[in-house]
Amino acid sequence: MAGNGVASIGECMLELSGQAGPNWRMGFAGDTFNTLWALHALSGDRPATYVSAFGDDPFSRDQIDFFAKNGIGIGASPVISGARPGLYAITLTGAERSFTYWRGDAAARQLASDAAALAKSLENQALVYFSGITLAILDEAARKTLLAAVAEARAAGSLVAFDPNYRPRLWHSREDAQAAILAALAVTDIALPTFPDEQMLFGDTVPQATAERLAKLVREVVVKNGEEPALICENGKQQNVPAVHVAAPVDTTGAGDSFNGAYLAARLAGHAPTEAAFRAHRVAAAVVQVRGALAPFEVLQTAFKAA
């Protein structure tokens, strides 16, 4: 029997943003953590767990403390002696961002090193979320361990959500990425792909092609497409949900991740997919009006509840 909590699996990194001359602002972010941040903010009293692996350095301790101060635990995630978190820096051209990464030896790459601990972190969760980046940072054996743990949680009653979030630089080959993502979709209830990623990875020509392809594997599909409408496909029925236009975005970092978190929060609250997507668009529009990947909880909540 699934419990009331929500768990997200992946890598939370040190984020350098807001460059002003030689000075940067440091925070914590990463695709699956960004999603959990929004999901936690919008899910009331549901316990939130970020499932990963952590170092024992001062930055890792600060990261875990930051989670705890915001009501997010780490479950049974291992803390590994001598390890440390990955790092990335955001540079902006207008509101559009580019990233520079230092993550090759990040602790999170060992998140599936202890199969029993991983399974324990996923016990009694109402929802388990992960992404293609989660898969990409693991070797093949660790991916199998991860997917086995997700499948076990699903069999016990957890809803499983997955964003393929294809990033070519993280994969040895396009074929490896295709195989791993298809294996993940086999244990997924809600898929949250982004059309340009799917176009690049699978050659889909239009969002409808993505929805139709994934609907053969997953019962509920939401195809995101930037400022274009999101396309929902549930039980074979497709429907577009218009996005919210922002005339002067400040920083688009984390918009898609926050959309995912808001959509999942709405679905857990009992809203239909169309209503969930409307709310998720409003949240994403709010996120692009603040700097960095993590908008304040009150910003997310106001957008989510807006009429």
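The values are calculated or read from the model by the stated rules, or taken from the named source; none is laboratory data. Computed from a prediction, not measured in an experiment: that's the story for all the values here. For neighbour counting, all protein chains shown are included, and Cβ atoms are generated from backbone atoms with ideal geometry for every residue, glycine included. The accessibility values were calculated without ligands, DNA or RNA, using every heavy atom of the protein model including side chains. Shrake-Rupley method; radii C 1.70, N 1.55, O 1.52, S 1.80 Å.
Ignoring ligands, DNA and RNA, what accessible area per residue does the chain give at 1.4 Å, in Å²? Intermediate results must be reported in sequence, preceding the final value.
On the way: 12730 Å² over 307 residues.
About 41 Å² of surface per residue is accessible.
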### Task
Based solely on C-alpha atoms, express the radius of gyration and the Dmax of the range 179-307 in angstrom.
14.3, 41
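Percent of accessible area on the chain owned by carbon and sulfur, 1.4 Å probe? Could the numbers behind the result be given before it?
Working: 6730 of 12730 Å².
That share works out to 53 percent.
If you take the beta carbon distance between ALA247 and GLN301 as r and set R0 to 35 Å, what does 1/(1 + (r/R0)^6) give as a FRET efficiency, to the nearest 0.05? Let's see the in-between values first.
Values: r = 23 Å, r/R0 = 0.65.
E(calc), rounded to 0.05, equals 0.95.
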### Message
I'd like the distance between the alpha-carbon centres of the range 150-168 and the range 189-241, rounded to an integer number of Å.
### Response
16 Å
### Summary
Of every Cα-Cα pair in the chain, the percentage lying beyond 36 Å is 9 percent
### Query
So who's got an amide H within less than 5 Å of the one on GLN125, skipping anything under 5 residues away but keeping other chains? H placed 1.01 Å off N, in plane.
GLY3
## Note on the structure
With +1 at each Lys and Arg Cβ and -1 at each Asp and Glu Cβ, the charge dipole magnitude of the chain around its Cα centre, to the nearest 20 debye, comes out at 260 debye
### For the chain, built as a Gaussian network whose Cα springs stay under 10 Å, the top-fluctuating residue of VAL221, VAL246, VAL150
VAL246
### Message
Running a GNM on the chain with Cα contacts under 10 Å, which residue among VAL244, VAL287, VAL160 ends up with the highest mean-square fluctuation?
### Response
VAL244
### Query
Under 5 Å between amide H atoms, partner at least 5 residues away or on a different chain: which partners does GLU227 have, H built in plane at 1.01 Å?
none
### Net charge dipole size for the range 253-305 [Lys, Arg +1 and Asp, Glu -1 on Cβ; Debye, nearest 20]
60 debye
#### Entry: Given charges at beta-carbon only (K, R positive; D, E negative), |dipole| of the range 138-281 in Debye
240 debye
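Given 0.36 nm per residue, what is the gain on full extension from ASP189 to ARG97 after removing their alpha carbon distance, in nm?
So the extension gain works out to 30.0 nm.
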